[in-house]
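Only one structure is covered here, and it is reproduced in the block below.
Quick note: the coordinates plus some simple rules give every number you see, no bench work behind them. Please read all numbers here as calculations on a predicted model, not as lab measurements. Every residue, glycine among them, receives a Cβ derived from its backbone with ideal geometry; neighbour counts consider all protein chains shown.
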Amino acid sequence: MKKIASLLMSLALASSVIAGPVTISSKGSKMVAPIAPEGCTAFAPGGAFGAFAGGFIPSGGDAKLGGGVLGEYFFTENLGVQGSYGVYATNSEHHQFDGSLVLRAPIKSICVAPYLLAGGGVSTNSTTRGDYHVGAGIDARFSSLHNIGIFADGAYHFASEGADFTIVRLGVKFPF
């Protein structure tokens with residue numbers, strides 16, 4: 001008896017799967033509004049370029065001002081790469097070229113993304129040295145302005161011969 005009941009139950013479930021298309025009468029049907037996306041979509045994968053004003057703070061020295069440009073590409077909304085160039089008004093111009101891996105955590109409800117960055121670079125200021133850096137920042141996007149954003153970050157650079165320094169930046173990003 002159990003086998004027959006199980007067979008009938010299986011046939012009933014299987015027939016509902018292959019029952020065919022569902023038709024609905026047009027009388028009294030209502031349009032359903034599409035579901036709005038949750039929060040902003042400004043942090044989707046893709047590229048951006050930007051410009052920044054910055055400060056160069058050597059260990060035990062006075063801060064110097066400068067600025068530069070950056071380009072970045074995100075493979076996912078959380079993982080990307082960034083390249084930047086900055087020049088700062090030290091005793092002779094300090095040129096800084098950096099490449100970074102960026103990990104960000106978008107908060108879509110307010111269209112803001114805190115991030116961490118780490119990488120390496122080359123600096124020239126009468127001598128050329130390699131360095132590596134770690135830092136953190138925050139990126140805010142404005143969906144009403146085609147996802148243009150502002151960012152602020154800081155990175156500590158570990159350089160050879162005890163010439164460590166910090167770079168802080170404040171700038172704008174234009175996604176493409």
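General observations
- Zone residues, the range 101-140, relative to PHE158, backbone N less than 13 Å from point 7 Å out along Cα-to-Cβ: 118-121, 131-135
- The range 98-176: C-alpha gyration tensor shape, a/c 1.5 cut-off, then a/b vs b/c: prolate
- Taking TYR132, TYR88 and counting other C-beta atoms within 10 Å, the order from fewest to most: TYR132, TYR88
- With N the number of residues in the range 46-175, Rg(Cα) / (2.2 N^0.38 Å) evaluates to 1.05.
- Backbone phi angles across the range 46-58, fed through the Karplus curve with coefficients 6.51, -1.76 and 1.60 (θ = phi - 60°), yield HN-Hα couplings of x, x, 7, 10, x, 9, 8, 9, x, x, 9, 10, x Hz in residue order; Gly and Pro are listed as x.
- Size of electric dipole in the range 46-175: Cβ of Lys, Arg +1 and of Asp, Glu -1, about Cα centre, debye, nearest 20: 360 debye
- Ranked list, fewest to most other Cβ atoms within 10 Å of each Cβ, for GLU161, GLU77, GLU93, GLU72: GLU161, GLU93, GLU77, GLU72
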